[in-house]
Amino acid sequence: MALKLGKVTAVYPGSFDPITYGHLDLITRGAILFDKLVVAVLRNAAKEPLFTVEEREAMLREVVKDCLNVEVDSFDGLLVDYAARKGATVLLRGIRAISDYEYELQMALMNRRLRPEIETVFLMAGEAYSFLSSRLVKEVIALGGDISGLVPPVVEARLRQRVLGK
Ligand code: PNS
């Protein structure tokens with residue numbers, strides 16, 4: 001068992017297309033648990049995003065600007081290799097419901113196989129956000145529904161502009 005010395009950096013990876021209050025809840029709690037939290041946007045995703053990586057990073061930066069130990073970045077390639085380059089020993093992920101568990105378990109076990117020295121830590125999503133996803137937020141606004149209270153105001157404005165053109 002290695003002796004833990006020094007400060008712990010965690011990476012919170014994701015698509016963040018766009019950031020929701022569910023993500024922000026996790027970031028706030030992660031920033032309390034760890035000395036440094038790097039919120040990392042995946043660059044080479046197969047899925048077609050609504051916002052570019054730069055737009056997603058800008059929204060994240062705006063929303064976390066008061067969290068002094070939180071850095072916003074983006075990454076390509078294997079998550080564990082990126083985490084190692086950042087000096088991180090923890091990957092942070094949120095779990096909303098049982099349906100998230102299988103996908104998260106697969107990723108956590110694969111990441112552990114690739115780099116056993118990096119641990120995945122799961123936080124349960126706040127119950128108010130356990131139904132919330134970026135995908136549903138985009139669907140609801142596109143169909144004329146109300147998304148206030150689901151994403152920060154700056155994100156709501158960007159979504160309105162991008163999806164509704166106003
Ligand atoms: O928000 P998401 O889309 O659920 O995040 C998925 C993410 C970014 C965590 C995952 O796709 C990822 O880690 N991609 C990087 C590529 C990688 O390392 N793949 C092997 C890990 S199992």
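Bear in mind these aren't lab numbers, they're just calculated from the coordinates by the rules spelled out. For clarity, every value in this text was computed on a predicted model and none was experimentally measured. Methodologically, a virtual Cβ is constructed for each residue, glycine included, from the backbone with ideal geometry; neighbour enumeration extends over all protein chains shown.
Note on K36: lysines with a C-alpha under 22 Å away, same-chain residues under 8 apart excluded, are K4, K7, K65, K86.
Here the sum of -39500 (n - 2.57) over DSSP H runs of 4 or more residues, divided by the residues of the chain, equals -11500 deg cm²/dmol at 222 nm, to the nearest 500.
Subtracting the Cα-Cα distance of A157 and F122 from their residue separation scaled by 0.36 nm leaves 9.6 nm. The residue among I27, N69, A84 whose Cα reaches farthest toward the positive pole of the charge dipole of the chain, with charges on the beta-carbon of Lys, Arg, Asp and Glu, is A84. Within the listed set K47, K36, K86, the residue fluctuating most in the Gaussian network model of the chain (springs between alpha-carbon atoms under 10 angstrom) is K47. Normalising the average separation of contacting C-alpha pairs (under 8 angstrom, six or more residues apart) by the number of residues puts the relative contact order of the chain at 27 percent.
Extension gain, D66 to D146, is 26.1 nm, computed as 0.36 nm per intervening residue step minus the present C-alpha separation. Full extension of the chain between S130 and V8 yields a length gain of 41.2 nm, computed as 0.36 nm times the residue separation minus the alpha carbon distance. Assign one of three labels to the chain, namely rounded, prolate or oblate, based on the Cα gyration tensor with a ≥ b ≥ c the square roots of its eigenvalues; rounded applies when a/c is under 1.5, prolate when it is not and a/b is larger than b/c, and oblate otherwise. It comes out prolate by the Cα gyration axes.
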